[in-house]
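All of the numbers you see were taken from the coordinates with simple rules; none came from a lab. Keep in mind the model is a prediction, meaning the values are calculated, not measured. As a convention, Cβ positions derive from the backbone with ideal geometry for all residues, glycine included, and neighbour counts pool all protein chains shown.
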Amino acid sequence: MTLRAMSGRTKAESVDDLATWLERLTGCPTVNHTVAVTCANPSHDEPATWFYVEADRAEGVARMRCLSCGMVRSLLDSAERWTFPSAWACLECSQSIAEVAFGMHVEDDGSVTWVAMGVRCVNCGDLTGVADFVVHGGSVVEVTASL
């Protein structure tokens with residue numbers, strides 16, 4: 001794991017580092033389960049891990065477009081409430097391609113109550129959160145399948 005601070009921004013070398021960063025978030029529900037996102041399209045020989053991300057933090061909507069195949073995945077109920085936000089771009093280098101991970105707060109009974117979406121710039125490694133979601137009555141399996 002390599003998390004480092006540069007000019008007040010957190011940088012990382014891998015999506016695993018992004019998961020660690022999500023686990024260390026403060027001022028929110030405890031992140032006790034993380035998932036690195038891969039494209040589910042069976043056309044890939046290897047799992048695709050690079051995405052374009054669109055998110056509206058204020059409205060709690062987000063979707064990802066696989067850089068390899070173009071498949072779009074809306075998160076949870078984002079498709080029904082879509083607000084057409086701008087595509088994410090790194091604040092440090094303006095790159096718009098990211099690795100994505102989700103940090104979840106999972107209750108003892110297995111229900112997921114909160115999800116945070118984090119991205120890692122594939123160019124410079126800058127980490128940031130782009131959206132978070134309150135989840136009502138979903139399990140890790142159900143929520144992961146919806147992401």
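Is region 20-104 best put as rounded, prolate or oblate by its Cα gyration tensor, with a ≥ b ≥ c the root eigenvalues, rounded for a/c under 1.5, and otherwise prolate when a/b is larger than b/c, oblate when not? Before the final figure, lay out each step's value.
Working: a/c = 1.42, a/b = 1.21, b/c = 1.18.
Rounded.
Can you find, among 69, 122, 136, the residue farthest towards the positive end of the dipole of the chain? Put +1 on the C-beta of Lys and Arg, -1 on that of Asp and Glu.
Farthest along the dipole direction, towards plus: 122.
Say R0 is 41 Å: what FRET efficiency, to the nearest 0.05, do residue 44 and residue 134 get from their beta-carbon distance? Each step should come with its number before you reach the end.
Details: r = 32 Å, r/R0 = 0.77.
Efficiency computed from Cβ-Cβ geometry: 0.85.
Any idea how far apart residue 77 and residue 111 come out in nm if each label point goes 7 Å out from Cα toward Cβ?
Simple spin-label model gives 1.5 nm for this pair.
Please say if the chain is rounded, prolate or oblate, where rounded means a/c under 1.5 for a ≥ b ≥ c the square roots of the C-alpha gyration tensor eigenvalues, and otherwise the choice is prolate for a/b larger than b/c and oblate otherwise? If you can, show how the numbers build up before the last one.
Values: a/c = 1.39, a/b = 1.12, b/c = 1.25.
Judged from the Cα gyration tensor, the chain comes out rounded (a/c under 1.5).
For region 88-98, what does the Karplus curve 6.51 cos²θ - 1.76 cosθ + 1.60, with θ = phi - 60°, yield as ³J(HN,Hα) per residue in whole Hz, taken in order and with x for Gly and Pro?
Listing the rounded values in order: 5, 9, 4, 5, 8, 10, 6, 5, 10, 9, 9 Hz.
Can you give the local net charge around residue 72? Use residues other than it whose beta-carbon is closer than 13 angstrom to its beta-carbon, Lys and Arg +1, Asp and Glu -1.
Working: positive: 63, 65, 73; negative: 54.
Once positives and negatives cancel, what remains is +2.
Read phi for every residue in region 55-62 and hand back ³J(HN,Hα) as whole Hz from Karplus 6.51 cos²θ - 1.76 cosθ + 1.60, θ = phi - 60°, with x for Gly and Pro.
Taking θ as phi minus 60°, the curve returns 8, 10, 4, 5, 8, x, 10, 7 Hz for region 55-62.
Using alpha carbons only, how many angstrom separate the centre of region 24-40 from the centre of region 60-99?
17
Taking K and R as +1 and D and E as -1, what net charge do the other residues with C-beta under 13 Å from the C-beta of residue 132 add up to? The partial results should precede the final answer.
On the way: positive: 57; negative: 56, 59.
Counting the neighbours of residue 132, the net charge comes to -1.
Once label points are set 7 Å from the Cα along Cα→Cβ at both residue 24 and residue 36, what is their separation, rounded to one decimal in nm?
Going from the residue 24 label point to the residue 36 one covers 1.7 nm.
In nanometres, what is the gap between the two model label sites at residue 91 and residue 16, each 7 Å from Cα along Cα-to-Cβ?
2.7
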